[in-house]
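The values are calculated or read from the model by the stated rules, or taken from the named source; none is laboratory data. Since the structure is predicted, the reported quantities are computational estimates derived from the model, not experimental observations. No Cβ is skipped: glycine too gets one built from the backbone with ideal geometry, and neighbour counts run over all protein chains shown. These area figures cover heavy atoms from the full protein model, side chains too; ligands, DNA and RNA do not enter into them. Shrake-Rupley method; radii C 1.70, N 1.55, O 1.52, S 1.80 Å.
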Amino acid sequence: MAAATLPIIDLDLFRQDPSSQAAKEECFKAADALITYGALVVKDSRVTEEDNGSFLDVLEDYFALPAEELKKDERPEYGYQVGVTLENTEKPKCKSDDVCLKIIEKLEASERPLDILAHGADPKC
């Protein structure tokens with residue numbers, strides 16, 4: 001199974017002329033990426049490689065915090081769609097989705113969810 005490539009959204013197109021056809025196409029591409037993958041890559045000429053490195057350092061430092069500290073950022077009232085989702089919180093939803101189950105069957109054993117039938121929460125290992 002080939003790995004999916006996240007779409008790259010060129011923010012400069014929107015910054016140059018938000019009402020242009022190119023900007024609108026980037027917006028649709030961004031929406032489609034979020035619907036399809038839940039993620040996208042943003043290209044912004046104002047951001048340097050140093051900025052990228054600093055951002056990654058901040059993320060790594062944040063997720064290296066003790067679980068008790070991260071737990072303060074949990075937002076179960078929003079279905080964990082914002083904030084942090086700690087390990088052993090989420091349960092797979094694939095058990096009733098045939099398309100999803102077929103995709104999982106094609107994955108290498110080491111890449112498959114540990115508990116596809118959602119008996120337990122995802123350990124995020």
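Of the residues making up segment 29-56, those that are over 14 Å from residue 6 (Cα atoms) and within 18 Å of the chain's Cα centre (by Cα) are 52, 55, 56. Each residue in segment 9-21 was checked for being surrounded by 13 or more Cβ atoms within 10 Å (Cβ to Cβ) and not charged (D, E, K, R), and 4 pass.
The criterion of being modelled with pLDDT of 95 or more and under 18 Å from the mean Cα position of the chain (by Cα) does not hold for residue 93.
Can you tell me how many residues in segment 73-91 are assigned to a helix (DSSP H, G or I), touching a Gly at 6+ places or on another chain (Cβ under 9 Å) and not acidic (Asp, Glu)?
Initially, segment 73-91 is screened for residues assigned to a helix (DSSP H, G or I), giving 73, 76-78.
From what is left, the residues that are touching a Gly at 6+ places or on another chain (Cβ under 9 Å) are 73, 76.
Now drop any that are not not acidic (Asp, Glu), which leaves 76.
So the count comes out to 1.
Among the residues examined, residue 112 does not qualify as touching a helix residue (DSSP H, G or I) at 6+ places or on another chain (Cβ under 9 Å), modelled with pLDDT of 95 or more and open to solvent by 90 Å² or more (accessible area, probe 1.4 Å). Could you figure out which of (1) closer than 24 Å to residue 5 by Cα; (2) open to solvent by less than 70 Å² (accessible area, probe 1.4 Å) isn't true of residue 89? Result: residue 89 passes all but (1).
Checked against (1) touching a strand residue (DSSP E or B) at 6+ places or on another chain (Cβ under 9 Å); (2) aromatic (Phe, Trp, Tyr); (3) open to solvent by 100 Å² or more (accessible area, probe 1.4 Å), residue 28 passes all but a single condition, namely (1). Summed over segment 60-81, residues that are under 17 Å from residue 38 (Cβ atoms) and either at pLDDT 85 or above or open to solvent by 100 Å² or more (accessible area, probe 1.4 Å) (or both) total 3. Only residues that are farther than 14 Å from residue 8 by Cβ and either in contact (Cβ under 8 Å) with a residue 24 or more places away in the chain or assigned to a loop (DSSP other than H, G, I, E, B) (or both): list them for segment 18-35, please. Listed by number, the residues that qualify are 18, 19, 20.
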